[in-house]
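Inspection log for the structure reproduced underneath, given as structure tokens.
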Amino acid sequence: MAPYSFREHTGELKLRLESTTLEGLFVEAARALAEIVAGDPGSWEQEAGSQEQEAADAMGGDTATASEVRLEAPDRDALLVDWLNELIYTSERDKGVYDQVSMKSLSEQSLVAEIRGRTTERLCLPVKAATFHGLRIEHAPSGWHAEVVLDV
Amino acid sequence: MTKLTEFRTLSPVIHELPPDPGRGMRVPARVFADGELLEQIAADNSLEQLVNVTTLPGIADAACGMPDMHEGYGFPVGGVAGTRAPDGVISPGGIGFDINCGVRLLRSELTEAELEPIKEPLVHEISRTIPSGYGRRGRWALEAATLERVLTEGCPFLIRERGLGSIEDLELIESGGCMAGADAEAVSERAKHRGHDQLGTLGGGNHFLELQVVEAVLDEEAASCLGLRAGQITVLIHTGSRGLGHQVCVDAVRTMDRAMARYGITVPDRQLACAPLSSPEGQSYFGAMTAAANFAWCNRQVITERVRDVFERFAPRPDAKELHLVYDVGHNTARLEKFDGETLCVHRKGATRALGPSAAELPARYRSSGQPVFIPGSMGTSSYVLVGTDAAAELSLASTCHGAGRALSRKAAKRKTTGSEVRKQLAARGIVVRCPSNAELAEEAPLAYKAVEEVVRVVHEAGLARRVARLRPLGVIKG
């Protein structure tokens, strides 16, 4: 069972999440977004002449970054959408790839988490936002499953 | 599940699903497409999404789907809906996250033969000058007070007070580059932070800047009115309100999702979250959305000025240094517009306003032709210039399509081609490409889109807009 995967959608990006716990589902959502933000190194091709890209390369090493997230929402669907949108905003603000999550508390309507990761000069953030469209969070005997459409 | 067989064929290119109260439909769902495009549209969930739009409180006339319609979230991309002001709803999902994403066309005095020897360095220099790519920051970090004026006053502020453009530009931007009702205070600090250093940047995804040649003039009189002639070099800019607009939409969907119960509103898809336009939530979003629209016009204006600087340096003759604006028109907006004496809040999500010649707010020079509309093809394929018709007011709330429309998901496109293959194919056709990412190049490959010719033919035959000219790409800078 892949903890997260990206599914077909004509115009957008559908994210499928799986975990044994609800907390795990939220952690996987962060990891999936971090993978997108970090970009696939193999997919990038250096074009000659991009001054900013060259400058970014010259700056070299990434540095560690961390942030605290506190959210309240009317239900867990809204909480997952808010969580992803918070991560999108924080990633863009910090030029950060947040792939580690320490969940301090999580309920149906609130969460407190510490997110950690690294800054990058090659931020790749094609995701504009997480949406409610087709959002599903299910608790089955096999574990927790969710699908969320991201606007790209 | 909405089936094609439920639609009545009103003409070969107009199909309508009558309102079904059992599904909560308040008005018909009207789709502009021929048989082939209709089949493509029916292949994803866009018809279902259009039916969902017909349930919005206060919706008037019909929910319209353009021929480039495809599945989005909440609204389909290529969807149009007008709700009765002041108490009909406004739905941020009906405008989208990239508020006032749009297209502007510039015309030069250069010919293709004159461009050829300088094409490669010119494209290269433009790509160095205009930051592109996801989350990229610009070269101008706005102070809070300046950003406030950009949001509130739009292009007139940039042009009159900062000298970024000519006075002539103002009448050639939809709404003069400043939509009334902007409220910078309704724009969150987060949105302002995301946007403060992004003015003058292309962004990523399907955003691009293209050098083109007018390959064919299809309507001499209208083309002449727009200052276009065969063989002329043009520049097309497609971008929007960047992170600022995205955050405005995120904030508003969140607010309205929590407010709907208070107004007794239920929607079939939570992404259609909405509130009465007259409510505090509706007014706040309208003010913020309008401010983001002004930001988008300013973004395209700053990019235009940078391209003009490059052209001035590269022009092979003194009288070919200038780039004149043909028009700038958005395709992700909500506007208050009058139809039959009634004021509607017209949501256009991936749809372009197309005013006919008799529209009072058109600049004088376009009162004989109608409003210019630009329909970009997919990367490397032709784009079209059209003009609006008076008939479109009744047919589609004065709206037309906005592009070719995706046919394949990004993933499916990458299974069918690679970025390096796309580069080779474009190079073989003499098209210079600048795009940092092979993956994104593959995602935006021509095979991922519907045939723009067919989409444009349908809007022409349906009477939503008239074809004026076809533009062939020579150089592409992809975000």
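The values are calculated or read from the model by the stated rules, or taken from the named source; none is laboratory data. Just so it is clear, the model here is predicted, and its values are computed rather than measured. Cβ placement follows ideal geometry from the backbone for every residue including glycine, while neighbour counts extend to all protein chains displayed.
One residue is enough: does the range B:336-353 have a residue meeting the conditions in contact (Cβ under 8 Å) with a residue 60 or more places away in the chain, surrounded by fewer than 24 Cβ atoms within 10 Å (Cβ to Cβ), farther than 24 Å from B:Leu38 by Cβ and in contact with a helix residue (DSSP H, G or I) (Cβ under 8 Å, 6 or more places away or on another chain)?
Yes, because at least one residue in the range B:336-353 is in contact (Cβ under 8 Å) with a residue 60 or more places away in the chain, surrounded by fewer than 24 Cβ atoms within 10 Å (Cβ to Cβ), farther than 24 Å from B:Leu38 by Cβ and in contact with a helix residue (DSSP H, G or I) (Cβ under 8 Å, 6 or more places away or on another chain).
Going by the conditions given, is B:Val103 of a type in the set (Val, Ile, Thr), more than 11 Å from chain A (Cβ to nearest Cβ), in contact (Cβ under 8 Å) with a residue 12 or more places away in the chain and within 26 Å of B:Gly350 (Cβ to Cβ)?
Spelling it out, B:Val103 is indeed of a type in the set (Val, Ile, Thr), more than 11 Å from chain A (Cβ to nearest Cβ), in contact (Cβ under 8 Å) with a residue 12 or more places away in the chain and within 26 Å of B:Gly350 (Cβ to Cβ).
Determine whether B:Val253 is within 14 Å of chain A (Cβ to nearest Cβ), more than 29 Å from B:Pro363 (Cβ to Cβ) and of a type in the set (A, V, I, L, M).
Yes, satisfied.
Any idea how many residues of the range B:294-348 are β-branched (Val, Ile, Thr) and assigned to a helix (DSSP H, G or I)?
5
In the range B:420-431, is there at least one residue being buried (at least 24 other Cβ atoms within 10 Å of the Cβ), outside any helix (DSSP H, G or I) and not charged (D, E, K, R)?
no
Report, by residue number, each residue of the range B:126-158 that is farther than 30 Å from A:Ala38 by Cβ and surrounded by fewer than 23 Cβ atoms within 10 Å (Cβ to Cβ).
Those that are farther than 30 Å from A:Ala38 by Cβ and surrounded by fewer than 23 Cβ atoms within 10 Å (Cβ to Cβ): B:Glu143, B:Ala144, B:Ala145, B:Thr146, B:Glu148, B:Arg149, B:Thr152, B:Glu153, B:Pro156, B:Phe157.
Condition test on B:Arg262, is it at pLDDT 95 or above, in a helix (DSSP H, G or I) and among the basic types (Lys, Arg)?
When the stated conditions are applied, B:Arg262 passes them.
Those residues that are within 11 Å of chain A (Cβ to nearest Cβ) and in contact (Cβ under 8 Å) with a residue 40 or more places away in the chain, I need them from the range B:127-150; list them, please.
B:Ser127, B:Thr129, B:Ile130, B:Pro131, B:Ser132, B:Gly133, B:Tyr134, B:Gly135, B:Arg136, B:Arg137, B:Gly138, B:Arg139, listed by residue number.
Within the range A:63-76, which residues are over 28 Å from A:Gly134 (Cβ atoms), more than 14 Å from chain B (Cβ to nearest Cβ) and in a strand (DSSP E or B)?
Correct list: A:Ala64, A:Thr65, A:Ala66, A:Glu68.
Would you be able to say whether some residue in the range B:194-213 is of a type outside the set (Lys, Arg), touching a residue at least 60 places away in the same chain (Cβ under 8 Å) and over 30 Å from B:Arg139 (Cα atoms)?
No; the residues of the range B:194-213 include none that is of a type outside the set (Lys, Arg), touching a residue at least 60 places away in the same chain (Cβ under 8 Å) and over 30 Å from B:Arg139 (Cα atoms).
Can B:Leu464 be described as in contact with a helix residue (DSSP H, G or I) (Cβ under 6 Å, 6 or more places away or on another chain) and over 30 Å from B:His124 (Cβ atoms)?
The answer is yes for B:Leu464.
Check off (1) under 21 Å from the mean Cα position of the chain (by Cα); (2) under 28 Å from B:Glu443 (Cβ atoms) for B:Val310 and give me the number that stays unchecked.
(1)
Given the conditions (1) within 14 Å of chain A (Cβ to nearest Cβ); (2) under 24 Å from the mean Cα position of the chain (by Cα), and given that B:Leu122 satisfies all but one, which numbered condition is not satisfied?
(2)
Please tell me if B:Val302 is under 30 Å from B:Glu120 (Cβ atoms) and among the aliphatic types (A, V, I, L, M).
So B:Val302 fits the description; yes.
Could you check, for the range B:182-195, whether at least one of its residues is more than 19 Å from the chain's Cα centre (by Cα), modelled with pLDDT of 95 or more, closer than 30 Å to B:Ala398 by Cα and of a type outside the set (A, V, I, L, M)?
yes
Look at the range B:257-283 and say how many of its residues are closer than 15 Å to B:Gly93 by Cα, in contact with a helix residue (DSSP H, G or I) (Cβ under 7 Å, 6 or more places away or on another chain) and away from every other protein chain (no Cβ under 14 Å).
4
Mind listing whichever residues of the range A:95-152 are surrounded by 18 or more Cβ atoms within 10 Å (Cβ to Cβ), charged (D, E, K, R) and away from chain B (no Cβ under 11 Å)?
A:Asp99, A:Arg118
In the range B:393-412, how many are among the small types (Gly, Ala, Ser), surrounded by fewer than 24 Cβ atoms within 10 Å (Cβ to Cβ) and either assigned to a helix (DSSP H, G or I) or without any contact (Cβ under 8 Å) to a residue 40 or more places away in the chain (or both)?
3
Please specify each residue of the range B:72-120 satisfying the condition of being of a type in the set (Gly, Ala, Ser), closer than 26 Å to B:His331 by Cβ and surrounded by fewer than 24 Cβ atoms within 10 Å (Cβ to Cβ).
B:Ala85, B:Gly88, B:Ser108
Looking at the range A:95-119, I want the residues that are closer than 11 Å to A:Thr65 by Cβ and have a partner that is surrounded by fewer than 15 Cβ atoms within 10 Å (Cβ to Cβ) and of a type in the set (A, V, I, L, M, F, W, C) with Cβ atoms under 6 Å, at least 6 apart or on another chain. Which pairs are those?
Sorted first by the residue in the range A:95-119, then by its partner, the pairs are A:Arg116/A:Ala66; A:Arg118/A:Ala64.
From the list B:Ala404, B:Ala393, which one is within 14 Å of chain A (Cβ to nearest Cβ) and not aromatic (Phe, Trp, Tyr)?
Every option except B:Ala404 fails the conditions.
From the list B:Leu397, B:Leu386, pick out the single residue that is more than 19 Å from B:Thr234 (Cβ to Cβ) and touching a strand residue (DSSP E or B) at 6+ places or on another chain (Cβ under 6 Å).
B:Leu397
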